[in-house]
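Visitor: Below: one structure in structure tokens.
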Amino acid sequence: MGKNLDWLRDAWINKHLAQWAFFINRLTGVVIALYLMVHIFINSIPLIFGPEAYTKTLHAMETPLLRIFEVLLITAVAFHMFNGIRILLVDYFKLSRQQSILFVFAFLLTIVVFIGALILYWPDIFGSGQHEIAAILN
Amino acid sequence: MQTLSKKGVRLWRWQRITAIMLIVGISLHFAVTHFLGDQLGFTVVNERLQHIFWIIFDALLLLTALVHGFGGLWSVYLDYNAKGTIKKFLGWTVAFLVIAFTIYGSLALAFLILR
């Protein structure tokens, strides 16, 4: 059991960015993988319950709590993607020496996406709620 | 020189291939579902999926995401002393889940397309 927690210990005692990148990439990856399965089930509602039930469910899901979850999910996907790009760059363009700087970029881009998502969903979380995203964008 | 396990490299390589596909795919998927439509509901999704491009795109994205996601989960498991019968069993379970979710997701997609 102790061996299985090595990854937690490693993330804590190896105080360099690459270790944290590895840890957060794994964490976000697992979360997103689990979300994917939920996402497939939600979009299979027309298959099982029909189109009206699908639309009703999507509308029912526009609660502030789920909006907050969506912002966090978007942030998780953003980090996983940007860090993933960093990994691809390091691997295929041999940028091992620049991996720390690349991590800083990935992290900053993630923050930008987080703030963007927060702004986008702000009315739905704190405001009167319904359909404000669509109203803003159309 | 030690030879690399062909299976290990294959998993590594497929993670990267699917990763590159997903960088484009997920970005486009998010953009089209959130920014280019009206209030999210069956109608909006159904209309988008009348175009053959989005049908193929969504189907491919489904498979790619499942391979990358379960490939990643498998990689995590491999790091924790994976061996023996349990490893074989879980390996086949993961393969089954990828296929099962692909079939189920494709059926779901079909019912999002049908009017």
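Visitor: Test of understanding: among A:Ser96, A:Ser44, which residue is within 14 Å of chain B (Cβ to nearest Cβ), without any contact (Cβ under 8 Å) to a residue 40 or more places away in the chain and among the small types (Gly, Ala, Ser)?
Guide: Selected residue: A:Ser44, the only one of A:Ser96, A:Ser44 that is within 14 Å of chain B (Cβ to nearest Cβ), without any contact (Cβ under 8 Å) to a residue 40 or more places away in the chain and among the small types (Gly, Ala, Ser).
Visitor: Restricting to the range A:57-70, name every residue that is at the interface with chain B (Cβ under 9 Å from one of its Cβ atoms) and under 19 Å from B:Glu47 (Cβ atoms).
Guide: Once the filter is applied, which keeps residues that are at the interface with chain B (Cβ under 9 Å from one of its Cβ atoms) and under 19 Å from B:Glu47 (Cβ atoms), the range A:57-70 yields A:Leu58, A:His59.
Residue-wise test of (1) farther than 20 Å from A:Leu27 by Cα; (2) at pLDDT 95 or above; (3) not in a helix (DSSP H, G or I).
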residue: B:Val24; (1), (2), (3): yes, yes, no
residue: B:Asp38; (1), (2), (3): yes, no, yes
residue: B:Ile55; (1), (2), (3): yes, yes, no
residue: B:Ala59; (1), (2), (3): yes, yes, no
residue: B:Ala65; (1), (2), (3): no, yes, no
residue: B:Phe89; (1), (2), (3): yes, yes, no
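Visitor: Please go through the range A:18-72 and pick out each residue that is within 27 Å of A:Ile115 (Cα to Cα) and of a type in the set (Asp, Glu).
Guide: Selection gives A:Glu62, A:Glu70.
Visitor: Taking helices (runs of 4 or more DSSP H) that do not extend beyond the range A:1-109, which have at least 1 residues that are modelled with pLDDT of 95 or more and under 24 Å from the mean Cα position of the chain (by Cα)?
Guide: Per the criteria, A:17-42, A:45-49, A:51-60, A:64-92.
Visitor: Also, I was wondering about something else. Looking only at the range B:44-71, how many residues end up being loosely packed, with under 14 Cβ neighbours inside 10 Å and either closer than 16 Å to B:Ala108 by Cβ or facing chain A (nearest Cβ under 9 Å) (or both)?
Guide: Selection size over the range B:44-71: 2.
Visitor: Can you name the residue in the range B:72-86 that is free of Cβ contacts under 8 Å to residues at least 40 places away in the same chain and within 18 Å of A:Tyr35 (Cα to Cα) and, of all such residues, is surrounded by the most Cβ atoms within 10 Å (Cβ to Cβ)?
Guide: It comes out as B:Leu73.
Visitor: So which residues in the range A:60-109 are basic (Lys, Arg) and open to solvent by 30 Å² or more (accessible area, probe 1.4 Å), if there are any at all?
Guide: A:Lys94, A:Arg97, listed by residue number.
Visitor: Of all residues in the range B:91-105, how many are more than 10 Å from chain A (Cβ to nearest Cβ) and touching a residue at least 12 places away in the same chain (Cβ under 8 Å)? Talk me through it step by step, then tell me what you get.
Guide: Narrowing the range B:91-105 to residues more than 10 Å from chain A (Cβ to nearest Cβ): B:91-96, B:98-100, B:103.
With the extra rule that they be touching a residue at least 12 places away in the same chain (Cβ under 8 Å), the set shrinks to B:91, B:94, B:98.
Residues in the range B:91-105 being more than 10 Å from chain A (Cβ to nearest Cβ) and touching a residue at least 12 places away in the same chain (Cβ under 8 Å): 3 in total.
Visitor: Taking the condition modelled with pLDDT of 95 or more, more than 9 Å from every other protein chain (Cβ to nearest Cβ) and either open to solvent by less than 50 Å² (accessible area, probe 1.4 Å) or farther than 20 Å from A:Gly84 by Cβ (or both), does B:Ala19 pass?
Guide: No: the conditions fail for B:Ala19.
Visitor: Return the residue satisfying two criteria in turn: it lies in the range B:96-109 and is among the hydrophobic types (A, V, I, L, M, F, W, C) and open to solvent by less than 40 Å² (accessible area, probe 1.4 Å), and of such residues it is nearest to A:Leu36 (Cα to Cα).
Guide: In this case the residue turns out to be B:Phe101.
The values are calculated or read from the model by the stated rules, or taken from the named source; none is laboratory data. Predicted, not measured: the structure shown is a model, and the values here were computed from it. For neighbour counting, all protein chains shown are included, and Cβ atoms are generated from backbone atoms with ideal geometry for every residue, glycine included. Protein only, heavy atoms only, side chains kept; ligands, DNA and RNA dropped before computing areas. Shrake-Rupley method; radii C 1.70, N 1.55, O 1.52, S 1.80 Å.
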